[in-house]
1. Open to solvent by 60 Å² or more (accessible area, probe 1.4 Å) and at pLDDT 95 or above - does that describe any residue in segment 56-63?
2. Quick check on this structure: which one of Pro278, Pro297 is within 15 Å of Glu215 (Cα to Cα) and open to solvent by less than 40 Å² (accessible area, probe 1.4 Å)?
3. Find the residue count for segment 215-243, including only residues that are surrounded by fewer than 19 Cβ atoms within 10 Å (Cβ to Cβ), farther than 18 Å from Phe15 by Cα and touching a strand residue (DSSP E or B) at 6+ places or on another chain (Cβ under 9 Å).
4. Of (1) outside any helix (DSSP H, G or I); (2) within 27 Å of Phe381 (Cα to Cα), Ala101 satisfies all except one. Which?
5. Which of (1) open to solvent by less than 40 Å² (accessible area, probe 1.4 Å); (2) touching a Pro at 6+ places or on another chain (Cβ under 8 Å) does His85 not meet, given it meets every other one?
6. Please verify whether segment 155-169 includes one or more residues that are assigned to a helix (DSSP H, G or I), crowded, with 21+ Cβ neighbours inside 10 Å and either touching a Leu at 6+ places or on another chain (Cβ under 8 Å) or at negative phi (or both).
7. List, please: which pairs have Cβ atoms under 7 Å, are six or more places apart or on different chains, and start with a residue in segment 258-271 that is surrounded by 18 or more Cβ atoms within 10 Å (Cβ to Cβ) and end with one that is assigned to a strand (DSSP E or B) and of a type in the set (S, T, N, Q)?
8. Pairs needed: first member in segment 127-143, farther than 15 Å from Ile157 by Cα; second member anywhere, open to solvent by 80 Å² or more (accessible area, probe 1.4 Å) and basic (Lys, Arg); C-beta distance under 8 Å; at least 6 residues apart or different chains.
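The values are calculated or read from the model by the stated rules, or taken from the named source; none is laboratory data. In this text, all values refer to a predicted model and were calculated from it rather than measured experimentally. All Cβ positions, glycine included, derive from the backbone under ideal geometry; neighbour counts span all protein chains shown. These accessible areas exclude ligands, DNA and RNA; they are computed on the full protein's heavy atoms, side chains included. Shrake-Rupley method; radii C 1.70, N 1.55, O 1.52, S 1.80 Å.
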Amino acid sequence: MDKRLKMLQICAVGFTVEKLLIPLIEEMSKDYDVTTVCTRDDISDKLKTKGYKIYNINIDRKISPVSNLRTVWQLYKYMKAEKFHIVHVHTPVAGILGRIAAKLARVPIVIYTAHGFYFHDNMGAVKKNIFIGVEKLGGWLSDFIFTQSSEDCKAAIEKKIIDKSKILTIGNGVDLGRFEPSRFEDGTVKESLKRELGIKRDDLVVTILGRVVREKGYMEWVQAAKEITDRFDNVKFLAIGGTLESDRDGIKADLDSFISENKLQGKVIFTGSRSDIPELLAITDIFTLPSYREGMPRSLIEAMCMCKPAVATNIRGCREEVDEGDTGFLVPVADHKLLADKIIYLVENPDERTRMGINARKKALEEFDERKVLIRQREIFQKLVNKCIN
């Protein structure tokens, strides 16, 4: 019989488990009996077949009172039955519902990772204050909060979401060995991938990586693509990602209409969801992330590891990762013209692309090692166990 303490990870969908939580689950499983709760979908079913302990409870990604109350009740019953020692929640709605259930079930340790607070600088005052209020409730329900962004940590303390003794910026990181440019130096993989995608050998590739939703800045990205491809025949725009069923602001139909109206077929390429991200970044020359809201974006770190200069929006998270003029450029939210201008500068200045890419990888190696992020979390878990359980 497994004598380890029982830990429950909670998020809304399998996509989050697969893309964000697997390294954490695997690391914590060395010391804890870890189960993950999320809505049943194809990804969670796939993870079950790989041996991960997944229990399915439907968790809406939006505020829906009846559905949300049902989720809290089901989570509460599950927690009471399984007697978890630690509940660790992720993503905004799943995070608040999971903490309410954990409090009702008297779970000894409740932790929330803020992958990016939902409130942000570009949000209206009333809406912003509502979400801050929700986060204050969440802070009251939490024994500890991890933030990936130092700006989020500062905001949480200033807005009295939680006491400064109960919050820590853990950062974000990736597997540096996986995102290693030297793996692709012989060029074979890159040539094959370009052929598959219909990209000529000498074309420059401008990439965006993320769910195809409005808040990732896709509309501004295709508007910039039109301006740039009107001037340069050798530039292709590559979009990596799909849209989840639970996404509320899917925008693919609008993008397809814009591409058709402006004759961008073959110039803007959508790959859909892919697992070969290092390979796709290897054929990339310029990375872009024109998001409206982020936490501490992993896609940007992955691009930095692969020696890519970036053009990103001047928002929380992105400005912690991009050093203006050194590893890339920061532009205002929803400004496709400035986005295009900075991409054009990098298209026209290959030496600058190289310099910024080298600097980006150096920064990533120093600041965004996944192993260090996991160690920070492990240390806090152990402190809380010693305090609350042992």
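1. There is at least one residue in segment 56-63 that is open to solvent by 60 Å² or more (accessible area, probe 1.4 Å) and at pLDDT 95 or above.
2. Exactly one of Pro278, Pro297 is within 15 Å of Glu215 (Cα to Cα) and open to solvent by less than 40 Å² (accessible area, probe 1.4 Å), namely Pro297.
3. 2
4. Failing condition for Ala101: (1).
5. Failing condition for His85: (1).
6. yes
7. Close Cβ pairs (under 7 Å, with a partner that is assigned to a strand (DSSP E or B) and of a type in the set (S, T, N, Q)) amount to Ile259/Gln265.
8. Listed by first residue and then by second, the contacts come to Leu141/Lys103.
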